[in-house]
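Participant: Structure incoming, see below.
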Amino acid sequence: MRHALGTVVLLALLAACSNPKSTAKTTEAATSAPPAASSMAAVEVDAGHDAAPAKPPPEVLAGADFAADAKTLFRVAACGNTDQPVPAGFDAAVVDAHCKDLASMIAEYKKTWIDVAMPFIAKLEPKDLPKTVVYPFGGGDLLGALATYPDATDFTTISLEIAADVRKIESVPKARLAPELARYNAVLGKLFEKAHSRTINLDIGSKSVLPGEIVFDLVALVVHGYEPTSLRYFVVQDDGTAHYFDQGEIDAADAAVKAGHKTRAEEDDRIFSNMELRFVKKGDPDATPRILRHIAWNLDDKHLKQNGRLLKFLDARGTKISAMTKAASHLLWSDDFSIIRNYLATHTDWMISDSTGFTPAYAKKMVFVQDTYATYTWPEPFGTVDVKNATDLKDLFLANPHVDVPFRYGYPDKDHHGHILVTRKPNFPAGKP
């Protein structure tokens, strides 16, 4: 019976291939050309088994896609795909020297931080964490997000800094390339050393001929073995959905600047504040892309009350998320940031932070359990640091068993101890490093 069925399938395929009016559109994903003889044989042999599911067609993305510019920036500034030549129009000697220096820094960073921190953090994380990550005050730190949640597929970072226009790479003055790349290497060196993005460093993007936020994120792809596949810009609409700017809208903005109706800064803030970067493991272009969305937004209560679009956008990420924050000036300790704090508390299953995460009193109120790792004596005086919350956090660390943390995760304490605070729902087990 199996051989008879195989013969029927084979004859049907041959008939379809010989008939120009065959309605092959019903299996469009499987065919545009007749199957080869070896394929036909396989059909006959395997006719008794279920056919493998057809690969879904590529997703059609809305808006203008600046993948080409992202890949140029990836090669020139982030030093990805160094097996490929430097793009035409760029001084290869300058780029090669920059990439040599950056490769040395990345190798040292992997040795001293990535290879130490990632295995440690992996032991803290329970199985089945949400693969959607929200990282407030996390601009420019896809590096840390991928190290913390290597299995996540959807990342949202939020900070005051805009993504900036990736097309800047098209028009870098020849004389500016070397000093700009040297400046980025200096800033990246600090990022690797401190293991977190500093506002003073992220501000490079607003003063540079290169888009700083995107450069940092592309370097993260290099460190973790990814490459970009698309880059688009969007605005969060009143209902919380994303509108991706098409080429016509971007051309109109450029024309308004050229005509003097708008300043470049005004149009950059309007068009190029928020970006979506998609990326895949290097060498695996058919993989489902992971997504980073960076949103430029002031997260204090005043701005979130004035405009509720961001919270609607975040709500659409789902009711279960993984979260992280570090080097965040203790803003979550402040009641001026109560709205974003409440969003995190009502959506987060598991959160990792330095001392700038939830205070013990707030975590207890919202029915979380907190685990501490390493030594913590007193917070660095960044942002809002009140005595009660600082004392509570110190007592929490003293009450828990001491576990060495041989790396920094965001701020150290005032005595330069690296430390980690995990805030989790009670149904998630404690980590065992």
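Participant: Rank these by accessible area, largest first, 1.4 Å probe: Trp333, Trp378, Trp297.
Facilitator: Values: Trp333 15, Trp378 75, Trp297 40 Å².
Of Trp333, Trp378, Trp297, the descending order of accessible area is Trp378, Trp297, Trp333.
Participant: Answer rounded, prolate or oblate for segment 229-310, using the Cα gyration tensor with square roots of eigenvalues a ≥ b ≥ c: rounded when a/c is under 1.5, else prolate when a/b is larger than b/c, else oblate. Please report the intermediate quantities before stating the final value.
Facilitator: Values: a/c = 2.53, a/b = 1.26, b/c = 2.02.
Cα axes put segment 229-310 in the oblate bin.
Participant: Cut-off under 16 Å on the C-alpha distance; same-chain residues fewer than 8 positions from Lys127 excluded. Which aspartates and glutamates are left, in chain and number order?
Facilitator: Of all the aspartates and glutamates, those that pass the test against Lys127 - Cα under 16 Å, at least 8 places apart if same chain - are Asp151, Asp349.
Participant: About its Cα centre, what dipole magnitude does segment 234-274 give when the only charges are +1 on Lys and Arg Cβ and -1 on Asp and Glu Cβ, stated in debye to the nearest 20?
Facilitator: On the way: 4 positive and 10 negative charges, 41 e Å.
Once rounded to the nearest 20, the dipole reads 200 debye.
Participant: Here is a further query. Quick one: length gained pulling Asp404 to Arg167 fully straight, 0.36 nm per residue minus the C-alpha distance? Numbers along the way, then the final one.
Facilitator: Working: separation 237, 0.36 × 237 = 85.32 nm, distance 4.49 nm.
Using 0.36 nm per residue and subtracting the Cα-Cα distance, I get 80.8 nm.
Participant: Given points 7 Å out from each Cα along the Cα-Cβ axis, report the Lys127 to Glu193 separation in nanometres with one decimal.
Facilitator: Going by the 7 Å Cα→Cβ label model, 4.3 nm.
Participant: Once you have all Cα-Cα distances for segment 122-199, histogram them in 5 Å bins from zero and send the whole-percent values.
Facilitator: 3, 12, 17, 19, 18, 14, 8, 5, 3, 1, 0
Participant: What Kirkwood radius, in Å to one decimal, follows from the Cα pairs of segment 259-345? Can you show the working numbers first?
Facilitator: Working: mean 1/r = 0.0628 Å⁻¹.
Its Kirkwood hydrodynamic radius stands at 15.9 Å.
Participant: Mind putting together the pair-distance distribution for segment 294-433? All Cα pairs, 5 Å bins, whole percent per bin, short to long.
Facilitator: Histogramming segment 294-433 at 5 Å steps yields 2, 10, 19, 24, 20, 13, 8, 3, 0 percent.
Participant: Also, quick follow-up: What pairs in Lys168/Lys425; Lys302/Lys425; Lys282/Lys394 have C-alpha atoms more than 32 Å from each other?
Facilitator: Checking Cα-Cα distances, Lys168/Lys425; Lys282/Lys394 exceed 32 Å.
Participant: What number does segment 325-403 give for Rg over Rh if you use C-alpha atoms and the Kirkwood radius? Display every interim value, and only then the final one.
Facilitator: On the way: Rg = 11.8 Å, Rh = 12.8 Å.
My calculation of the ratio gives 0.92.
Participant: Nearest 20 debye, what's the magnitude of the dipole of segment 64-163 about its Cα centre given +1 on Lys and Arg Cβ and -1 on Asp and Glu Cβ? Don't skip to the answer; put the middle values down first.
Facilitator: Working: 8 positive and 14 negative charges, 50 e Å.
Value, rounded to 20: 240 debye.
Participant: Order Glu108, Glu276, Glu161, Glu170, most accessible first, counting only protein heavy atoms with a 1.4 angstrom probe. Working shown, then result.
Facilitator: Numbers: Glu108 100, Glu276 0, Glu161 30, Glu170 125 Å².
Putting Glu108, Glu276, Glu161, Glu170 in descending order of accessible area: Glu170, Glu108, Glu161, Glu276.
Participant: With every protein chain in place, what's the accessible area of Leu398 (1.4 Å probe, Å², nearest 10)?
Facilitator: 130
Participant: From the phi of every residue in segment 68-76, what ³J(HN,Hα) in whole Hz does the Karplus formula 6.51 cos²θ - 1.76 cosθ + 1.60 yield, where θ is phi - 60° and glycine or proline is x?
Facilitator: 4, 5, 4, 6, 5, 4, 4, 6, 7
Participant: Let me ask another. Can you list the lysines whose alpha carbon sits under 17 Å from that of Lys110, skipping same-chain ones fewer than 8 residues off?
Facilitator: Those lysines meeting the cut-off are Lys100, Lys190, Lys194.
Participant: Now for a different question. Taking the Cα centre of segment 287-433 as origin, sum charge times position over the Cβ atoms of Lys and Arg (+1) and Asp and Glu (-1), and report the length of that vector in debye to the nearest 20.
Facilitator: Values: 19 positive and 15 negative charges, 143 e Å.
Around 680 debye, computed over segment 287-433.
Participant: Provide Rg over Rh for segment 381-433; use the alpha carbon set for both Rg and the Kirkwood Rh (inverse mean inverse pair distance). Write down the numbers at each step before the final one.
Facilitator: Numbers: Rg = 12.5 Å, Rh = 12.9 Å.
Ratio of gyration radius to Kirkwood radius for segment 381-433: 0.97.
Participant: Tell me, in nm to one decimal, what length is gained between Asp269 and Thr319 on full extension, where the rule is 0.36 nm per residue of separation less the Cα-Cα distance? Walk me through the intermediate numbers first.
Facilitator: Values: separation 50, 0.36 × 50 = 18.00 nm, distance 2.97 nm.
Gain on extension, Asp269 to Thr319, equals 15.0 nm.
Participant: Give the shape of segment 157-297 as rounded, prolate or oblate, defined through the alpha-carbon gyration tensor: a ≥ b ≥ c are the square roots of its eigenvalues, a/c under 1.5 means rounded, and otherwise the shape is prolate if a/b is larger than b/c and oblate if not.
Facilitator: Working: a/c = 1.58, a/b = 1.16, b/c = 1.36.
Oblate shape, in that a/c is at least 1.5 and b/c is the bigger or equal ratio.
Participant: In addition: Could you point to the residue in Gln84, Ile169, Pro150 farthest towards the positive end of segment 73-171's charge dipole, with +1 and -1 charges on the Cβ of Lys/Arg and Asp/Glu respectively?
Facilitator: Pro150
Participant: At 7 Å along Cα-to-Cβ for each site, give me the label-to-label distance between His416 and Asp115 in nm.
Facilitator: If labels sit at His416 and Asp115, their model points lie 2.4 nm apart.
Participant: What is the percent of Cα-Cα separations in segment 50-149 that go past 18 Å? It would help to have the intermediate numbers written out before the result.
Facilitator: Details: 3405 of 4950 pairs.
Summing the P(r) of segment 50-149 above 18 Å gives 69 percent of all pairs.
Participant: Keeping all protein chains in position, work out how much accessible area Lys425 exposes to a 1.4 Å probe, and write it in Å² to the nearest 10.
Facilitator: Here the residue's solvent-accessible area equals roughly 40 Å².
The values are calculated or read from the model by the stated rules, or taken from the named source; none is laboratory data. Nothing here was measured: the structure is a model prediction, and the numbers come from that model. Note that each Cβ is placed from the backbone with ideal geometry, even for glycine, and that neighbours are counted across all protein chains shown. The area values use the complete protein model at the heavy-atom level, side chains included, leaving out ligands, DNA and RNA. Shrake-Rupley method; radii C 1.70, N 1.55, O 1.52, S 1.80 Å.
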